[in-house]
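Note sheet for the following structure.
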Amino acid sequence: MNTLTIRNQTVKILIGIALALFLVFNSFGQTQVIKGKIIDAQAEYELIGATILVLGSEPMLGTITDVDGTFRLENVPVGRQTLAVQYVGYKNQTIPNVLVTAGKEVILQIKLEESVENLEAVVVTASASKDLPINEMAKVSARTFSLEETTRFSGGRNDVARLATSFAGVSAPNDSRNDIVVRGNSPTGLQWRIEGIPVPTTNHFATLGVTGGPVNALNTNILRTSDFLTGAFPAEYGNANAAVFDVNFRNGNADKFEFTGQMSAYSGMELMAEGPINREKNSSFVATYRYGIASLAATGTSAVPYYQDFSFKVNLGETKIGKFEVFGLGGLSSIDFKGDEVKEGDLFADPAVDAYIDNTLGVIGMSHLVRPNKTTYIKTTVGASTTQNNYYQDNLLKDNGGETVGKFRATNVETADSRYTLSSVVNKKFNARWNLRAGYLGELYHADFLYNDRDNRAEIPDENNDEIPDYFIPVRNVSEYYLLSRVFGQAEYKLTDNLSTTFGVTTQYLGLSERFSVEPRAALSYQFTPIQRISLAYGLHSQMAPSPILFLQEETSPGVFERTNKNLDFIKSHHFVAGYDRNLGKDWRFKSEIYYQHLYNIPVQSTPSSYAIINEGADFVFDERGSLVNEGTGRNYGLELTLEKFFSNDYYLLMTTSLFDSKYSGSDGIERSTSFNNQFVYNVLFGKEWKFGPAQRNAWTFDTKFTTSGGKPYTPVNLEATRANAGREVRMDEIAYSERYANYFRWDVKFGVRMNSPRRNISHQFFVDLQNVTNRKNEFVRRYNEVTDEVNSIKQIGFFPDLMYRIQF
């Protein structure tokens with residue numbers, strides 16, 4: 001069964017389900033439960049007696065928190081609700097746009113900030129869910145994202161990485177991969193964290209050293225509101241130069257069993273279950289499984305990629321020795337590229353080779369939280385993660401008529417990048433003004449890499465003239481353990497309710513190269529009027545070089561191979577950020593940030609060239625070169641503008657503009673654009689809902705996203721040199737990144753319906769997401785084509801409809 005047939009059958013099934021729902025559905029009033037916990041924002045202790053009200057309800061619905069800080073609101077009408085939360089001595093908080101459905105109880109964790117002034121100075125603050133990040137230490141360049149946003153935005157494919165491309169400062173003009181380019185930095189500068197543990201990647205089909213991929217293994221149905229930080233982040237984050245995706249898994253429902261089923265033309269079939277383990281201890285579980293077959297248009301290849309993943313979290317509840325949680329993520333993926341089956345326009349396959357890819361990723365961890373006293377907690381997490389990738393390439397031997405007459409194994413890659421992590425953080429709130437957080441994070445890496453290659457190697461003899469090189473060159477053959485350890489401390493001090501500052505320092509030590517780094521961080525936020533706030537931040541950040549670079553083996557003399565890059569220092573960058581926020585009305589916000597980043601210690605070649613590793617990371621492989629030195633420099637600067645209307649009155653609007661310049665200098669001393677210097681990105685997102693049914697409990701939905709960005713710089717192909725090199729592509733490195741692809745343009749439109757069962761706790765959601773409705777085939781790459789013996793332009797995917805049905809009960 002080919003990919004197109006699979007896609008068509010999936011579309012027919014989903015349309016059939018939607019039609020059946022419309023025929024049998026009758027709309028009546030329905031209510032649901034909102035519950036959760038209210039805690040102090042800094043020390044995270046429970047607030048007893050806090051008041052929660054459902055604004056606009058008749059009669060007014062409300063309750064107070066119990067001795068555990070928990071609350072439960074019964075009989076809340078389905079639809080979007082607004083909550084008001086109050087507690088004596090704390091800033092009040094309004095939480096708008098709480099989506100209540102018949103099929104699932106709403107579980108919230110609400111953080112309130114203690115006032116440092118007298119009670120008369122306490123004011124009601126508007127929605128903090130987007131204005132401020134969950135991590136109160138982050139004062140600039142940070143934003144929360146939620147499950148509801150991930151599934152709402154058009155073109156997102158249920159992928160949190162693609163959600164981030166809607167935010168200011170992020171560029172990802174690639175329809176086939178979800179690499180996150182932040183402020184002109186390489187996507188390798190991004191760090192993924194799951195429940196506080198750094199992980200190599202969260203993507204299927206990931207390869208060594210990269211952070212992106214075609215399909216994300218993070219299931220959005222298990223996520224809770226998390227943070228995305230794009231620069232000058234607090235001291236607790238390390239080993240990242242560009243951005244941090246700080247992801248958290250939610251707890252399951254501790255009172256009742258609930259289930260979710262989902263089918264999508266792109267992400268496949270998903271099943272999720274959650275429920276109580278021990279109701280007296282408030283313990284619970286949540287687990288989800290997904291099996292997917294991405295289609296041709298979504299992945300940019302005629303080969304069929306298979307993948308499946310499993311995620312879970314177990315909350316063991318409060319015990320006499322603290323609170324324990326166990327979490328995990330696992331994924332399997334595979335794809336076979338057959339050279340004789342390659343179709344025109346394939347982005348990844350090569351008609352001259354057969355390639356076989358198998359990928360495994362896994363994360364497992366356990367956290368323990370204990371409170372020596374009310375204002376202090378210690379959270380310790382142990383975990384392990386791994387990314388394993390096997391790549392086998394067979395070069396095809398063809399006769400003069402182009403028919404395959406044989407093949408030989410040309411490349412053999414088997415990599416396993418594993419980490420064993422210990423993290424311990426202590427947080428102490430001294431009073432309403434002072435909060436201190438300090439900790440240690442140690443990562444024991446196990447590098448187990450095998451890479452043998454004889455793919456068109458001119459230096460390898462062919463003594464029997466059978467067109468097969470006689471032996472492999474060992475690019476990497478490594479099995480080694482090494483430690484990356486970090487100690488940090490940071491504090492927040494509030495001079496007033498409107499003026500606060502954070503400052504701290506983090507240190508990093510890499511045992512492999514015996515390199516040490518000390519990195520100061522500081523930020524200030526001042527709300528100088530009730531509707532205006534300015535923010536300033538500085539941070540020194542460092543990151544070790546990617547594994548493919550560190551463990552590259554170079555032939556230093558005939559038959560002798562050495563790791564010439566093993567002593568590379570950290571790549572470092574100074575971040576300077578200034579921000580201005582202004583509320584333009586009840587639900588409108590304008591935000592602007594300017595930034596400057598100075599990068600140094602960039603690995604470049606020891607001999608004069610244009611090569612620098614900050615141009616790597618947006619592909620499945622690295623341009624691996626040896627004898628690198630930390631002598632390259634770079635700079636990124638730009639302006640980011642955001643105009644946002646939070647969801648209210650049944651619609652939302654988000655407009656983001658990013659203007660930036662990203663340059664670097666290699667060992668030849670010439671300043672050039674980096675490969676990620678698109679120079680501008682512009683996004684417009686709009687969504688509208690129309691309620692229907694007797695109690696207005698159901699809704700038609702419409703969402704759209706328009707994106708355009710500057711063309712990506714590239715290095716032109718030297719056609720004559722390529723022909724002279726037996727078809728092995730040669731680029732003009734002396735004029736690297738001197739040309740640009742055409743500007744990127746894409747428009748997505750999404751229609752849907754959300755319905756709630758009249759008699760049971762069941763909700764349904766269906767949507768059709770028409771991605772790239774103008775069928776604009778953006779330019780992907782210009783490369784040498786062995787078939788035409790010319791440099792040809794390869795286009796990205798065109799129009800692609802993604803359909804999804806979800807049921808919750």
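Here are some notes:
- Straightening the chain between GLU459 and LYS343 buys 38.6 nm, computed as 0.36 nm per residue apart minus the Cα-Cα spacing.
- Considering only HIS575, GLY79, SER673, and ranking their Cα positions along the charge dipole of the chain that arises from unit charges at the beta-carbon of Lys, Arg, Asp and Glu, the one farthest toward the positive end is GLY79.
- Remark: spin-label model distance SER738-ASP661 equals 2.0 nm, labels positioned 7 Å along the Cα→Cβ axis.
- Label sites at PHE430 and VAL730, each approximated as a point 7 angstrom past Cα along Cα to Cβ, lie 6.6 nm apart.
- Listed candidates [x] 26.9, 91; [y] 29.4, 93; [z] 47.7, 159 - label of the one calculated as Rg and Dmax of the Cα atoms in Å: [x]
- Order of SER115, SER333 - criterion: other Cβ atoms within 10 Å of each residue's Cβ, fewest first: SER115, SER333
- Check: the chain dipole with +1 on Lys, Arg Cβ and -1 on Asp, Glu Cβ, in debye: 3420
- Those aspartates and glutamates that a straight Cα-Cα span of less than 20 Å connects to LYS320, excepting residues fewer than 8 apart in one chain: GLU44, GLU46, ASP66, ASP68, GLU280
- Projecting the Cα atoms of SER627, ILE594, SER606 onto the dipole axis of the stretch 580-640, where Lys and Arg carry +1 and Asp and Glu carry -1 at the beta carbon, places ILE594 farthest toward the positive end.
- Between the stretch 494-564 and the stretch 150-187, the alpha-carbon center distance in angstrom: 22
- Cross-link pairs LYS338/LYS777; LYS35/LYS750; LYS91/LYS572; LYS104/LYS323; LYS37/LYS586; LYS256/LYS323 - those with Cα-Cα distance over 28 Å: LYS35/LYS750; LYS91/LYS572
- Only Lys, Arg, Asp and Glu carry charge here, each on its Cβ (+1 for the first two, -1 for the last two); on that basis the stretch 213-262 has a dipole of about 120 debye about its Cα centre.
- Annotation for the stretch 642-667 versus the stretch 368-413: alpha-carbon center distance of 32 Å.
- On the basis of the beta-carbon distance and an R0 of 51 Å, LYS688 and ARG723 show a calculated FRET efficiency of 0.40.
- Cβ-defined net charge surrounding TYR289, 12 Å radius [Lys, Arg +1; Asp, Glu -1]: -1
- Against the main long axis of the alpha-carbon atoms of the chain, helix 3-24 sits at an angle near 20°.
- Options THR230, ALA138, SER542, ranked by Cα towards positive dipole end of the chain, top entry (Cβ charges): ALA138
- The ranking of ARG183, ARG589 from fewest to most other beta carbons within 10 Å of each one's beta carbon is ARG589, ARG183.
- Using a simple spin-label model with pseudo-atoms 7 Å out from Cα toward Cβ, LYS256 and MET60 lie 2.7 nm apart.
- For the stretch 674-758, size of Cβ-based charge dipole, Lys and Arg +1, Asp and Glu -1, in debye: 560
- In terms of other Cβ atoms within 10 Å, ILE321, ILE468, ILE531 run from fewest to most in the order ILE321, ILE531, ILE468.
Readers should treat all values here as calculations from the given coordinates under stated rules, not as data from a laboratory. Every value quoted in this text rests on a predicted model; they were computed, and no experiment measured them. Every residue, glycine as well, gets a Cβ built from its backbone with ideal geometry; the counts of neighbours run over all protein chains shown.
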